[in-house]
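Student: Before I ask anything, here is the structure I am working with.
The values are calculated or read from the model by the stated rules, or taken from the named source; none is laboratory data. In this text the structure is predicted, and so the values were computed from the model without any measurement. In this analysis, Cβ positions are derived from the backbone assuming ideal geometry, glycine residues included, and neighbour counts consider all displayed protein chains.
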Amino acid sequence: MAARIGSRIYDEAIYATDRPVPSLWEATAGPAPADDGALEGEASTEVAVIGGGIAGLSLVWHLTRRHGIEAVALDAGKIGWGASGRNGGFVSMGYTKRSLEELSRSYGGDDARTVFEAQKAACAYVLDLVQAEDLQVDLAGRGEYIVAHKPDRMKGLEAKSAAMKAMFGEDWPVLSRAELERAGYASPEAHGGIYVPHGTGLHPLKYTYGLLSLARRHGGRVHPNSTVVRWERDGGGHLLHTASGGRLRAKTVVVASNGFTTEGLDQRFDGVTLPALSTILVTRPLSLEERQAQGFTTDVPVADSRNLLFYIRLLKDGRLLFGGRGGTNSTEAAGQRYADYMRRRLGEVFPAWKQVEISHRWRGFVCLTADLVGRVGLFPEDRSTGYLFGCHGSGVAMSGYAAKFLAAQIADARFNEPFPNCFRQPPKRFPMPSLRVPALQAAYAWYRLKDEVLPA
Ligand SMILES: Cc1cc2nc3c(=O)[nH]c(=O)nc-3n(C[C@H](O)[C@H](O)[C@H](O)COP(=O)(O)OP(=O)(O)OC[C@H]3O[C@@H](n4cnc5c(N)ncnc54)[C@H](O)[C@@H]3O)c2cc1C
């Protein structure tokens, strides 16, 4: 029986860390690299990280390699059990749901610009890392298309492209419907779009496994199946108890558990995250002729202009990956109902594949925060406790880059790359934490209205 983890604002089924995730990634990643097994007995380290996903593993790697600081990651499941092993593989600009204009209003123009610079740097960071460490992660497609799901959404995309030019001197080309089709993307729900020249697509579990090896290369330790169930202060430091019978003493603890964050361990992390479900369907491999008949042949990742967006990729063996929100009910039955809905929508977005066989479907949690901005830093009044979460649905790129920043903070070293102040603020509690799911339901209803009914 798996230890019970999670914020408990959702059904238990979604927190079963002993239940394998039936993803295409699990089926195709190959064997996991060696790890350090479940933590048992007494151990100590300088930095303990709760969460062994892209964020936690990257932090262990940067601490040990760059700063010579001993670090240990603890994960409740196998490595890659969380979002890191089950995402869409978009390496994209993220870690916030707020637009640059909104960030500018809240935090000032300079910090909004720094968010943008950091997001770009995070995408480049992944590409550089993959190349430098020769990670075999099935890189596919450069950049990303954002497509207008209705004709009147083109105005907003054109404005975005113009703003990128005016603010950053960047070219984010606008494509008409015909140009988009020539580039290899045709759908009744694509009326043109823009091309974002940053990011790529990859196999997320292979990437996570690559990080697992890197995390251990310089003496870092990674313990799967080691749910932290109690967190005590021990003299000047911390003592973490795991369900596997381990006790880990550490000078510093960092919470890097994103949408799966456990509440009740330390009140500073209670009510500060809102996990939100995301669902992915993958089809059988589609032949080149089938792809040409539908008009979808590009391997550049695609997202649409909805608030509750669909994210779409053609994978290297010709499979279609079709992702979107996952509703607000995490029971198995609701998961099936939502997958049926996604199946229908897939057939509307790609009429040629209305009946196509779905080979894999799965879901997992992304992580929202109260002000829709990620959190990376050390508490100003207690620099022995850190936070590294809040992906807002796109953390593959930023989680590793942010870990590099946080490692420098822990080491008291300079960080000479862009990193926004708004990400560094301590986590904020949701105003009424017990109403997080109903609040999300209300937000979804509003966004659905904006996406599907109201004009732009
Ligand atoms: C379906 C889906 C699709 C997504 N698609 C994309 C995408 O295409 N592009 C993108 O950029 N992002 C995407 N994301 C988000 C992305 O996966 C994450 O931002 C990224 O993986 C970073 O994850 P992480 O390490 O912060 O968290 P996770 O990978 O979720 O790791 C957190 C870990 O914490 C562990 N944990 C929780 N509580 C405890 C405890 N008490 N003790 C020990 N361990 C604990 C969990 O077991 C979990 O493994 C997607 C997410 C989902 C779910």
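Student: For residues that are farther than 20 Å from Asp18 by Cβ and of a type outside the set (D, E, K, R), tally how many sit in the stretch 241-264.
Tutor: 8
Student: May I ask you to list the residues in the stretch 141-188 that are touching a residue at least 12 places away in the same chain (Cβ under 8 Å) and at positive phi?
Tutor: So the first thing to find is which residues in the stretch 141-188 are touching a residue at least 12 places away in the same chain (Cβ under 8 Å), and the list is 141-158, 160-161, 163, 167-168, 170-177, 179-181, 183-188.
Hits for the stretch 141-188 are Gly141, Gly143, Gly184.
Student: Limited to the stretch 50-96, what total is found for residues that are within 11 Å of the ligand (Cβ to nearest atom), touching a strand residue (DSSP E or B) at 6+ places or on another chain (Cβ under 8 Å) and in a loop (DSSP other than H, G, I, E, B)?
Tutor: 13
Student: Does Ala122 count as within 16 Å of the ligand (Cβ to nearest atom), crowded, with 24+ Cβ neighbours inside 10 Å, within 17 Å of Arg424 (Cα to Cα) and of a type in the set (A, V, I, L, M)?
Tutor: yes
Student: Within the stretch 30-41, is there a residue that is in a strand (DSSP E or B) and away from the ligand (no atom under 16 Å from the Cβ)?
Tutor: Of the stretch 30-41, the ones in a strand (DSSP E or B) are 41.
Filter again for away from the ligand (no atom under 16 Å from the Cβ), leaving 41.
Within the stretch 30-41, one or more residues are in a strand (DSSP E or B) and away from the ligand (no atom under 16 Å from the Cβ).
Student: Something else about it: Being hydrophobic (A, V, I, L, M, F, W, C), touching a residue at least 40 places away in the same chain (Cβ under 8 Å) and away from the ligand (no atom under 12 Å from the Cβ) is the requirement here; does Leu214 meet it?
Tutor: Judged against the criteria, Leu214 is a match.
Student: How many residues does the stretch 282-307 contain that are touching a residue at least 60 places away in the same chain (Cβ under 8 Å), more than 30 Å from Ser434 (Cα to Cα) and surrounded by fewer than 21 Cβ atoms within 10 Å (Cβ to Cβ)?
Tutor: Count: 8.
Student: Then there is this: Quick test for you: out of Gly88, Gly184, pick the one residue that is modelled with pLDDT of 95 or more, closer than 28 Å to Gly347 by Cβ and touching a Phe, Trp or Tyr at 6+ places or on another chain (Cβ under 6 Å).
Tutor: Matching residue, one of Gly88, Gly184: Gly88.
Student: Pairs please, first residue from the stretch 106-128 and touching a residue at least 12 places away in the same chain (Cβ under 8 Å), second anywhere and buried (at least 20 other Cβ atoms within 10 Å of the Cβ) and among the basic types (Lys, Arg), Cβ atoms under 8 Å, 6+ apart in sequence or on different chains.
Tutor: Pairs found: Tyr125/Lys404.
Student: Moving to a separate point now. Thr262 is checked against (1) at pLDDT 95 or above; (2) within 11 Å of the ligand (Cβ to nearest atom); (3) in the same structural domain as Trp61 (by TED's automatic domain parsing) and fails just one. What number does that condition carry?
Tutor: That leaves (1) as the condition not met.
Student: Name every residue in the stretch 415-456 that is more than 29 Å from Phe310 (Cβ to Cβ), exposed (fewer than 12 other Cβ atoms within 10 Å of the Cβ) and without any contact (Cβ under 8 Å) to a residue 40 or more places away in the chain, in order of residue number.
Tutor: Asn416, Met432 - these are the residues of the stretch 415-456 that are more than 29 Å from Phe310 (Cβ to Cβ), exposed (fewer than 12 other Cβ atoms within 10 Å of the Cβ) and without any contact (Cβ under 8 Å) to a residue 40 or more places away in the chain.
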